[in-house]
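Participant: What follows is a single structure, and I will ask about it in a moment.
The values are calculated or read from the model by the stated rules, or taken from the named source; none is laboratory data. No experiment lies behind these values; they were computed from the predicted model shown. Cβ placement follows ideal geometry from the backbone for every residue including glycine, while neighbour counts extend to all protein chains displayed.
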Amino acid sequence: MKRENFTLAGAIHLQGLQRRFGTRTVLDGLNLDIAQGEFVAIVGRSGCGKSTLLRLLAGLDAPDGGRLQQPAGQTVRVMFQDARLLPWKTVLDNVALGLAGADARQRARDALAEVGLADRAGEWPVRLSGGQRQRVALARALVHQPQLLLLDEPLGALDALTRLEMQALIERLWLAHAPTTVLVTHDVSEAVALADRVVLVEEGRVALDVRIDLPRPRQHGDTRFVAFEQHILQRVLQGPAYTGQLPAEPVQPYRFNQLNWAL
Amino acid sequence: MSQSFLQRHAARVIPWLVPAALLLAWQVASSLGWLNHRVLPAPSEVLAAAWRLTVSGELFTHLYSSFWRAASGFAIGAGLGLLLGLIAGLSRLGEAVFDTTLQMLRNIPPLAILPLVILWFGIDETAKVFLVAFGTLFPVYLNTYHGIRSLDPALLEMARSYGVTGQALFRQVVLPGALPSILVGVRYALGIAWIILIVAETLAASSGIGYLAANAREFLQTEIVVLSILLYALLGKAVDVAARLLERRWLQWHPSYLKA
């Protein structure tokens, strides 16, 4: 399998993608197209192949078959579940990792400011909380201005409140920088909150592909939000037997739910 | 006021009470003639001997000899150990070529080859430097090799995916990641260097602290023998403190060295 250059601007095409580990087939003919600048969330049960898919997109692993077309020469950056900061570099030097040029440190400083950690630049990573480490990791990924940003369950180890804060931060920075973004998560609510599309991977294939057309920023209690969340969750839980349909968008002069929420 | 003053200083004073009392008892016992000079000289005699040898310059000649042997032997042994450890740690071929040989050689106690070394080099400087180098090579080699091989593969993968490869990867990830382990090897090697040097100088030398002690024994100058022992202890302590300062400086980021 070779990585092919693709001329249509920025899109990613996966066709019949295969990946086996020994006798176990993890990705079994997976098809997926991702448009430039799109935010796609990939959900699924543990072991469904979603992390393998992300590693293939990152070039950390190679497929056994099928086609993986990505724009030539694009910058890809991964944010891992464990922040993977180098403990022997200061926060600032971690963000500047792999940056070249005289303004590298200044760019790193600006990226740190964007995630609200400018004042921790000289600190050692062991001194930071889990949420702060992930913010540093996010700054380190974004400072390279990647065309493709891959998030591998980056919020999996954080507490609920920090998760919500991080989701808001990721959304804000995604809107500001507009990289094509693929988020792997097992949290359906997180996927609905952040993504333009939620893709369910099951037994190595795409089993469900839902476009989330809610306006941003999204409210977790919104009826449409809950409908999306329930629809995807039920499909995950019940498997192919699930026949439920997504309710059509209700016509509303204003949004009751947001009003209720405010009260 | 006075109570808090006592409390503040008690913690510092108490650990020294027992050594001070022992020293005093030793001096008193010697002065009263309870302790035979041949068994143990009085602390004042040891102090007098130290003064005498300092004035005559002998003390520094011997200190310098010993220190120079330890330093050059350590530099050669640890340097070679570091180099071989890096080669074996970084390349599978290097590991295949060197590791088995070094693992076999490391089981030889350095002092076991002393007779052979005397036959080869006589009792001159080369013999001592060779022995110290032989003894310090293995701890540094093993810990360097182990430090590189136990690097977190997740960090290496991250660094590579962030475009850090080749020399930059070595400088920014591999070496700092292996450094805690390397420094453990260095401190262990420093301890070994002194032990080897003491034995080698006592058995076969014409200068150095060990020679000073062996020579004094011939003439029943117990105060100089005791002085030599103290000098070894002081030198060993000084080197250990230096190594610790180095660790504190280079491993600032490490959880064990973070200032609270």
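Participant: Taking interchain pairs and intrachain pairs at least six residues apart, which have beta carbon atoms under 9 angstrom, with the first residue in the range B:236-252 and within 14 Å of another protein chain (Cβ to nearest Cβ) and the second loosely packed, with under 11 Cβ neighbours inside 10 Å and part of a loop (DSSP other than H, G, I, E, B)?
Facilitator: Within 9 Å, the pairs are B:Gln252/B:Lys259.
Participant: Is it true that A:Gln132 is of a type in the set (S, T, N, Q), surrounded by fewer than 18 Cβ atoms within 10 Å (Cβ to Cβ) and either modelled with pLDDT of 95 or more or over 24 Å from A:Ile34 (Cα atoms) (or both)?
Facilitator: Values: of a type in the set (S, T, N, Q): yes; surrounded by fewer than 18 Cβ atoms within 10 Å (Cβ to Cβ): no; either modelled with pLDDT of 95 or more or over 24 Å from A:Ile34 (Cα atoms) (or both): yes.
No: the conditions fail for A:Gln132.
Here is a yes/no grid of residues against (1) within 14 Å of the chain's Cα centre (by Cα); (2) over 23 Å from B:Ala48 (Cα atoms):
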residue	(1), (2)
B:Ala189	yes, yes
B:Ile192	yes, yes
B:Ala200	no, yes
B:Ser206	no, yes
B:Arg217	no, no
B:Gly236	yes, no
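Participant: Which residues, counting only those in the range A:38-83, are surrounded by fewer than 17 Cβ atoms within 10 Å (Cβ to Cβ) and in contact (Cβ under 8 Å) with a residue 24 or more places away in the chain?
Facilitator: Answer for the range A:38-83, where residues must be surrounded by fewer than 17 Cβ atoms within 10 Å (Cβ to Cβ) and in contact (Cβ under 8 Å) with a residue 24 or more places away in the chain: A:Arg45, A:Ser46, A:Gly59, A:Asp61, A:Ala62, A:Asp64, A:Gly65, A:Arg67, A:Ala72, A:Gln74, A:Thr75.
Participant: Sticking with this structure for a sec: Among the candidates A:Leu151, A:Leu155, single out the residue that is in contact with a strand residue (DSSP E or B) (Cβ under 7 Å, 6 or more places away or on another chain), surrounded by 21 or more Cβ atoms within 10 Å (Cβ to Cβ) and closer than 14 Å to A:Gln134 by Cα.
Facilitator: On the way: A:Leu155 fails: in contact with a strand residue (DSSP E or B) (Cβ under 7 Å, 6 or more places away or on another chain).
On inspection, the qualifying residue turns out to be A:Leu151.
Participant: Return the total of residues in the range B:146-199 being within 11 Å of chain A (Cβ to nearest Cβ), free of Cβ contacts under 8 Å to residues at least 60 places away in the same chain and assigned to a helix (DSSP H, G or I).
Facilitator: Residues meeting the conditions: 16.
Participant: Could you grab me the full set of residues in the range A:95-119 that are crowded, with 22+ Cβ neighbours inside 10 Å and within 10 Å of chain B (Cβ to nearest Cβ)?
Facilitator: Once the filter is applied, which keeps residues that are crowded, with 22+ Cβ neighbours inside 10 Å and within 10 Å of chain B (Cβ to nearest Cβ), the range A:95-119 yields only A:Leu97.
Participant: Okay, moving on. Just the residues that are more than 13 Å from the chain's Cα centre (by Cα) and part of a strand (DSSP E or B), please, taken from the range A:149-200.
Facilitator: A:Leu200
Participant: Which numbered condition in (1) more than 24 Å from A:Val76 (Cβ to Cβ); (2) touching a Ser or Thr at 6+ places or on another chain (Cβ under 9 Å); (3) within 14 Å of chain B (Cβ to nearest Cβ) is the only one that A:Pro125 fails?
Facilitator: (1)
Participant: I'm trying to understand the selection: among the residues of the range A:201-224, which are in contact (Cβ under 8 Å) with a residue 24 or more places away in the chain, crowded, with 16+ Cβ neighbours inside 10 Å and in a loop (DSSP other than H, G, I, E, B)?
Facilitator: Selection gives A:Glu203, A:Gly204, A:Arg218, A:Gln219, A:Asp222.
Participant: Would you check which residues across the range A:53-91 are more than 13 Å from chain B (Cβ to nearest Cβ) and touching a helix residue (DSSP H, G or I) at 6+ places or on another chain (Cβ under 8 Å) and list them?
Facilitator: Correct list: A:Ala62, A:Pro63, A:Leu68, A:Gln70.
Participant: Between A:Pro87, A:Pro63, which is touching a Phe, Trp or Tyr at 6+ places or on another chain (Cβ under 6 Å) and outside any strand (DSSP E or B)? Quick ask: steps written out before the conclusion?
Facilitator: Details: A:Pro63 fails: touching a Phe, Trp or Tyr at 6+ places or on another chain (Cβ under 6 Å).
Residue meeting the stated conditions: A:Pro87.
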